[in-house]
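Beneath this line is the structure, given in structure tokens, with notes to follow.
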Amino acid sequence: MSTVLDSLSGIVGERWVRTAGPALDTYASDGLPTINSPPRAVVIPGNRDEVIAVVRTLAAANVPFVARGAGTGLSGGAVGNDASVVIALTRLNRIISVDTVNRRATVEPGVVNARLSDATRPHGLHYAPDPSSQAACTIGGNVAENAGGPHCLKYGVTSNHILELEVVLPDGELITLGSPAGEPWGPDLVGLFVGSEGMFGIATRITVRLLPIPGSIRTLLADFSSVRQAGEAVSAVIASGIMPAALEMMDQSCVQVVEASIYAAGYPTDAAAVLLAEFDGESEAAVDAESAQIAQILQANGARSVRTATTAADRARLWQGRKKAFGALGRISPDLVVQDAVVPRSALPDVLDEIAAIAKRYRIRVSNVFHAGDGNLHPNLSFDGRNADERRRVEEAAGAIMEACIAAGGTITGEHGVGSDKLRYMPLIFDAETLTVMRDTRLAWDPAGLANPGKVVPIHACREWHAGGRARKAVA
Amino acid sequence: MSGAELTIERRVRSLLGPDGVVDTNPAGVPRVAPRTTEACALILEAAASHGWHVRLGGGSRWTSDDAPADLTLSTRGLTRVTRVSPPDLMATAEAGIRWSELKRALADHGAWLPWDPPGADRSLGSIIATGTAGPLRSGFGSVRDHLLGLTLVTGDGRIVRPGGQVVKNVAGFDLTRLAAGSFGAFGLITAVHLRLRSVPRADVTLARTGTRDELLQMAFAIRDAGEAPAALELASPGITGGSSWTLALRLVGSEAAVHEARRVAAGTAGKLEELAPADGAGFWNTLAENAARGEVTLRLGVLPAGLADALDLVTHHLDEECLTATIAGGAVRWTGAGSAGQLRLLRAAAAQRELPLTIERAPWDILSALGHFGAYREGVGRLVGSLRRVFDPTGVLVIPAGEG
Ligand SMILES: Cc1cc2nc3c(=O)[nH]c(=O)nc-3n(C[C@H](O)[C@H](O)[C@H](O)COP(=O)(O)OP(=O)(O)OC[C@H]3O[C@@H](n4cnc5c(N)ncnc54)[C@H](O)[C@@H]3O)c2cc1C
């Protein structure tokens, strides 16, 4: 390994290779607090050619590697171990071009999500996917996780916005996927790459679609005396045919934490749940009419009150609590697990009841703040990781919540990815045949299995480990 | 009919029992239409072990009838809509259902799939396998953007179920997107989970005629001024049956939003004529049918700024009889009769401009020579080949040579 590390220093310069000390600690975990595993080394290349050279060197020495953006991932995806090298992409942070006529931009993977929209705002354009971590997370990490965000309800998730990708394959070969206008050039390999969690190679250049910033926006805050009513109101809004730009829910536990924090947004703390609904469009008159209609629907479905924010300042205040909810929750206990699961919208009321029951059963504080319009839940489990019994209860409660969501016809992750955290749940939603094909799909990109090994597909659950299963077919 | 074919037919019959229909096509090739995914898997598993070459089809003649094969596997027996959930805005349907029937079944539930694929009454599976989107692509994205998950039978008869039934899902690799638009290279799609919308309250079509380039300018002005239209489509006279080019704008949504968008568009593009609702629907139907009426249909992925150039290119190499441009969706489509030589030259010229040209449908002699996609970009061919071997290890599925 030491000769490999010397070669890496030769490529990127000594100061961009870290092999010991606190520098490694930073890379020992991502946004998920329960995994802590320092890599053998961290290398921080300064450009694409250095990425290629680094990957070639590692491939030649058969050393596994883990691509890493900002490390805000919540499934342990960007974490390696003492046998692997982390390739941090934070220095590849140039916005290469903004094409306002065709509404697209080409960026390096380390560009921070919010920075891209900041740069395109003067042209009246923005990059629509807006994960709550957008002030920190990178476009490369968004591509790898297929990140979502509040406004993905109307505008779609990351994969709906990626047109072209330049990828360094795990053997160091550079390929380009997609095409300038987004039409696949052959099978849709851009679509396949997005969400591959760093296991298919490293994205070094990303061309994204930009959308016009809507001219008119209204944000509504509705509060409810029961979570069930709020869940039913969500279905009513969606059924109206008016597509909200965002439709977010926070339960009482979350509201109380937010209101006690510096991010207080003026949410009523006695409400069982609040809904934040946003409507946007080009014309003031139309957006007014639509939000008035929705306000009526919310009221008819049990909202105690509905407030409408029109000015940018009022809207920002309403959103602040939502956007900083994770931060506020992080302050009430030493540790916080942010869960991520999706259920059919119509199942929201029942599943929320069930989550409350699970919280009670395991004596864990669970606060819900989530993308209600998509049925994408984020139960937050607050705990003290120093207490082994509490840790165990959190593990069990998290598992029980997953099972409840699956039983309701849902899935185990809507936007945070599988990483290593959710490997164990994969066999609950995919059969052995499907998992085997997923694993083999990965091997088509990475025959040596060096790119972020051990994530996404639980190898033990694949077909040939099952007694009586068909033998694995030949794979190149 | 040769003895070998009879053997295949007999084998297939004994595998399926009452679980599917078996007949022979006019060329004497046995054709089987199983009624379940499992039966499809049995057929492909047998094909893999006996070395049969299988052509996949939906019965709507969208794949070349004349592709050489030992057996045709059709989705004609898979026509059920197994679930429509209006509150969740999702549906599950089998791949062989006709588009018109699916549309009707969804409408009965107040639900809508924002697709208007070129072609007359195609099967759902063929729309997905060929990734053919129509004018609504401008406002709602491509076919693949509406799929939540699917059931795929691989070339060697394994049943794979990526994705799920919920509208947001990042569990596992996105094999759904790989299968959609890959022209059957990775297996037979037997069922899909679809993401729906509510039937829009208002649905208005506005149109005007003029010269191609003046309409193109207007289209850009509309795009820059207003609400994102559901469709903003430029169509040649051969498509609409008119005497000059047509620019058509479709607005859907709430009454208020459509009203405002109509006002803005009128202010931008001058005399746009509003069609009566039935005429609007008729206009888009005619467009869809004519946009696939030739024996060859193809599409180019084009940036808005390159549309005029791309239209010129197709006109130069082929003709401008049946041409459409999806302004915001970044696509130019052509249909007609073209030779392999013409298409090869067009593709080469398009590739120089970084415009992928996908041949959606053509007689087999053209497809086998040119492929659906043509030469891949550097390094991509090897990757596609490796992926093909995962899904079709023994090469059962009939696809154009050089395409993996
Ligand atoms: C407070 C908070 C709020 C969040 N809110 C949201 C939200 O609303 N929606 C949402 O979707 N997520 C959210 N997340 C999760 C996280 O921010 C996203 O998953 C984000 O996309 C990760 O980006 P990153 O740059 O931090 O990637 P990292 O965490 O560094 O890496 C994530 C994965 O991407 C891979 N990767 C990184 N760069 C590349 C590359 N260039 N090529 C290939 N693979 C690469 C890594 O190997 C890893 O598997 C939130 C996280 C936090 C902490």
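Some values worked out for this structure:
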{"read-out": "Cα gyration tensor shape for the protein assembly as shown, rounded if a/c is under 1.5, else prolate or oblate", "value": "rounded"}
{"read-out": "Region B:81-198: translational diffusion in µm²/s, Stokes-Einstein, Kirkwood Rh over Cα pairs, 25 °C, 0.890 mPa s", "value": "174"}
{"read-out": "Mean shadow area of region A:375-472, taken as a quarter of the surface of its Cα convex hull (nm²)", "value": "8.2"}
{"read-out": "Region A:333-407 - Rg and Dmax from Cα coordinates, angstrom", "value": "11.9, 38"}
{"read-out": "Rg over Rh [alpha-carbon atoms, Kirkwood Rh] for region A:117-261", "value": "1.05"}
{"read-out": "Lys, Arg +1 and Asp, Glu -1 on Cβ, resulting dipole of region A:2-88 about Cα centre, debye, nearest 20", "value": "100"}
{"read-out": "Cβ-based charge dipole, region A:333-407, positive-most Cα from A:Ala357, A:Cys405, A:Ser333", "value": "A:Ser333"}
{"read-out": "Residues whose placed amide H lies under 5 Å from that of A:Gly281, excluding near-sequence neighbours", "value": "A:Gly215, A:Ser216"}
{"read-out": "Per-residue mean of C-beta atoms belonging to partner chains within 10 Å, peptide B:7-14", "value": "0"}
{"read-out": "Built amide H within the under 5 Å cut-off of A:Ala67, gap 5+", "value": "A:Ile87, A:Asn452"}
{"read-out": "Net charge contributed by nearby residues that have their C-beta within less than 13 Å of A:Met199 (K/R +1, D/E -1)", "value": "-2"}
{"read-out": "Magnitude of the charge dipole, the protein assembly as shown, Cβ model with Lys/Arg +1 and Asp/Glu -1, debye to 20", "value": "940"}
{"read-out": "Cα gyration tensor category, rounded, prolate or oblate, for region A:216-327 with a/c compared to 1.5", "value": "oblate"}
{"read-out": "For chain A: Kirkwood Rh in Å [reciprocal of mean 1/r, alpha carbons]", "value": "23.3"}
{"read-out": "Rh (Kirkwood; distinct C-alpha pairs) - region A:2-88, Å", "value": "12.8"}
{"read-out": "25 °C / 0.890 mPa s Stokes-Einstein diffusion coefficient of region A:52-96, Kirkwood radius on C-alpha pairs, µm²/s", "value": "210"}
{"read-out": "Debye log10 I(q)/I(0) for chain B, one point scatterer per Cα, at q = 0.08, 0.10, 0.14 Å⁻¹", "value": "-0.43, -0.68, -1.26"}
{"read-out": "5 angstrom amide H check on B:Thr24, placed H, neighbours 5+ away", "value": "B:Arg31"}
{"read-out": "Region B:202-289: Rg to Rh, with Rh as the Kirkwood radius over Cα pairs", "value": "0.94"}
{"read-out": "Separation of alpha-carbon centers, region A:427-461 and region A:36-55, rounded to whole Å", "value": "24"}
{"read-out": "From phi via Karplus (6.51, -1.76, 1.60), per-residue ³J(HN,Hα) for region A:357-365 in Hz, x at Gly/Pro", "value": "5, 5, 4, 5, 4, 9, 6, 10, 6"}
{"read-out": "Cα convex hull volume per residue for region A:291-440 (Å³)", "value": "154"}
{"read-out": "Region A:423-466: mean projected area of Cα convex hull, nm²", "value": "2.9"}
{"read-out": "Cβ-placed point charges (K, R +1; D, E -1), dipole of chain B about Cα centre in debye, nearest 20", "value": "820"}
{"read-out": "Most mobile listed residue (B:Gly134, B:Gly306, B:Gly329) in chain B, GNM with C-alpha springs under 10 Å", "value": "B:Gly306"}
{"read-out": "Pairs from A:Lys154/B:Lys103; A:Lys360/A:Lys455; B:Lys103/B:Lys271 whose Cα-Cα separation, in the structure shown, is over 26 Å", "value": "A:Lys360/A:Lys455; B:Lys103/B:Lys271"}
{"read-out": "Where only C-alpha atoms are counted, convex hull volume of region A:213-262 per residue in Å³", "value": "98"}
{"read-out": "Average silhouette area of region B:296-372, convex hull of alpha-carbon atoms, in square nanometres", "value": "4.3"}
{"read-out": "Nearest-ten-degree value, helix B:340-352 long axis tilted from longest Cα axis of chain B", "value": "60"}
{"read-out": "Exercise: per-residue mean of other protein chain Cβ atoms within 10 Å, A:159-169", "value": "2"}
{"read-out": "Part-to-part distance (alpha-carbon centres) for region A:156-176 and region B:61-85, which is given in Å", "value": "32"}
{"read-out": "Residue mean of other protein chain beta carbons inside 10 Å, B:173-185", "value": "6"}
{"read-out": "Alpha-carbon centroids, region A:133-153 and region B:320-390: separation in whole Å", "value": "33"}
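Quick note: the coordinates plus some simple rules give every number you see, no bench work behind them. Because the structure is predicted, anything quoted here is derived from the model rather than measured. When we count neighbours, we look across all protein chains shown, and the Cβ atoms used for this are built from the backbone with ideal geometry, even at glycine.
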